[in-house]
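Since every read-out is calculated from the coordinates, none of them should be taken as a lab result. Here the structure is a predicted model, which is why all the values come from computation and not from measurement.
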Amino acid sequence: MTYVDVIENEMKLSGDEPAFAGGASDQMIADFEGVLGVKFPPSYKLFLKKIGALSFGGDTYYGITKSGLTAKAVPSVLFATRDARAVGDADSTMIVVKASGYGPIFSIDTSQLSPSGESPIVQTELSFKRDGVKTVLYDSFEAFFCDTVRTAIAEL
């Protein structure tokens, strides 16, 4: 059982209704990597393959939606990342995976790579465009996703 299977089961048992975009193909994932100019870490690829994108417990996790490369809004990771990069809220090594409205942005920082191929989740504030400060919160997308979904379940 993968971490995605475990968390998916926990979401279903919570009584809240998760909204999944549906899994993405290996080719679509490769297309997104090519357009964004980064390699997705293994735990994020697994999320994309099994879930695609997700809204749950008031949170939205960006990924690949049925609109694919033509998506023009979140929860498309392509749209969110391009938009954040265009206004200086993310650099070219970051993959924006979640935002908190007008607060911090949560991204995978592909400029940092562990031996297992994972990249950390960093938090950036609106001041990122001026100061470039990235705060590492989690060692991987898996750790970030599991912790934040479980926190949402606990708060239901």
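Data table
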| item | result |
| --- | --- |
| Highest-fluctuation residue, V87, V122, V74 considered, GNM on the chain with Cα pairs under 10 Å | V87 |
| Evaluated at q = 0.16 Å⁻¹: base-10 log I(q)/I(0), Debye formula over Cα of the chain | -0.85 |
| Residues whose placed amide H lies under 5 Å from that of V97, excluding near-sequence neighbours | F106, S107, I108 |
| Nonlocal amide H pairs with T65, under 5 Å, H built at 1.01 Å | V77 |
| Cα-based Lys pair tally, the chain, threshold under 20 Å, eight or more apart or on separate chains | 16 |
| Gained length - T2 relative to K39, 0.36 nm times residue gap less alpha-carbon distance | 11.3 nm |
| Residue-wise HN-Hα coupling along the stretch 77-89, computed from phi with Karplus coefficients 6.51, -1.76, 1.60 (Hz; x: Gly, Pro) | 5, 5, 4, 4, 6, 4, 4, 5, 5, 4, 9, x, 7 |
| Normalised convex hull volume, the stretch 44-130, alpha-carbon set, Å³ per residue | 103 Å³ |
| Under-5 Å amide H pairs with L137, H placed in peptide plane, nonlocal only | I121, V122, Q123 |
